Amino acid sequence: MVCLPGAMCSPKVFEQAALRSGLPAVALAWLEGGGAFDLQSIAERVCDELADLPSVILVGHSMGTPIAVLTALLSTKRGNSPIKGLVLSNSGANTRGHGDIDSLVARIELGWSEAFRESFIARCFHTLPAEPLLEDVRSYPCQLDREAVIQALLSQQAIDCAPLLAGLPRVPTAIVHGVHDPARTLTHAQELADGISDATLHVLDTGHTSCAEDPAGFAQVLRAISV
């Protein structure tokens, strides 16, 4: 599995779900390093990372979902795509009904204050993770270049994946939604499921970070896609 976390979210949120799934996994810290940070450029770098792998289940969380969609489309266009399954969680096809991104950008421009980090965690988790993951998710945004984060957020705001979903490869696909998610609604998840051929919708008793809040339930979804 290749896992793509949400914006400002530590790649370690996938760790327990990946372990419980029994599947080999790597999480890509796509907001780190150099280069452009619009979602298409990020997808191109992810696609390059996948090129030498024989078989991949691509897992996207929050903003990782549109990156996964763009990566899958690009990989298919390049030919001989290694992507054999998709798990798209806690997201939607676009940012309609997803809150005020311009306001979020303005807060990020002021810096990674403790108040910002605590509000970020409250939005991401209905059930707070245990240590050491909790400290990791608190500190992770401070490692990032704020301009890179802002570029990614504004790019997500400009992209509508809804008309692109029909072009995704015909591979097993699961959509995961957290019933307590304050950032995304069941309607967002259903739009993804309806737009992707034969996609299955899974609703877990979590907030916005289902992979970390219910690693056992998320692992069950991962195993089902891997069969």
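Values quoted throughout were computed directly from the atomic coordinates according to the rules given, and no laboratory measurement underlies them. Computed from a predicted structure; not experimentally measured. When we count neighbours, we look across all protein chains shown, and the Cβ atoms used for this are built from the backbone with ideal geometry, even at glycine.
Look through Ser62, Ser41, Ser89, Ser55 and report the one residue that is over 23 Å from Arg184 (Cα atoms) and either touching a residue at least 12 places away in the same chain (Cβ under 8 Å) or among the aromatic types (Phe, Trp, Tyr) (or both).
Only one candidate passes the filter, namely Ser55.
Among the listed residues Arg170, Arg117, identify the single one that is surrounded by fewer than 18 Cβ atoms within 10 Å (Cβ to Cβ) and closer than 30 Å to Asn80 by Cβ.
Unique residue meeting the criteria: Arg170.
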Looking only at the stretch 109-121, decide whether some residue is free of Cβ contacts under 8 Å to residues at least 24 places away in the same chain and within 18 Å of the chain's Cα centre (by Cα).
yes
Tell me which residues, restricted to the stretch 143-202, are among the small types (Gly, Ala, Ser), out of contact with any helix residue (DSSP H, G or I) (no Cβ under 7 Å at 6 or more places or on another chain) and touching a residue at least 60 places away in the same chain (Cβ under 8 Å).
Ala148, Ala189
Name every residue in the stretch 200-224 that is surrounded by fewer than 22 Cβ atoms within 10 Å (Cβ to Cβ) and under 29 Å from Lys77 (Cα atoms), in order of residue number.
Thr200, Leu201, His202, Arg223, Ala224
So which of Gln157, Gln190 is surrounded by fewer than 20 Cβ atoms within 10 Å (Cβ to Cβ) and either closer than 22 Å to Met1 by Cα or over 16 Å from the mean Cα position of the chain (by Cα) (or both)?
Gln190
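Among Ala72, Ala106, Ala93, which is under 22 Å from Phe37 (Cα atoms) and touching a strand residue (DSSP E or B) at 6+ places or on another chain (Cβ under 7 Å)?
Numbers: Ala106 fails: touching a strand residue (DSSP E or B) at 6+ places or on another chain (Cβ under 7 Å); Ala93 fails: touching a strand residue (DSSP E or B) at 6+ places or on another chain (Cβ under 7 Å).
Unique residue meeting the criteria: Ala72.
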Residues that are of a type outside the set (A, V, I, L, M, F, W, C), assigned to a helix (DSSP H, G or I), touching a Lys or Arg at 6+ places or on another chain (Cβ under 8 Å) and farther than 30 Å from Gly79 by Cβ: does the stretch 164-179 have at least one?
no
Within the stretch 187-226, work out how many residues are in contact with a Cys (Cβ under 6 Å, 6 or more places away or on another chain) and part of a helix (DSSP H, G or I).
1
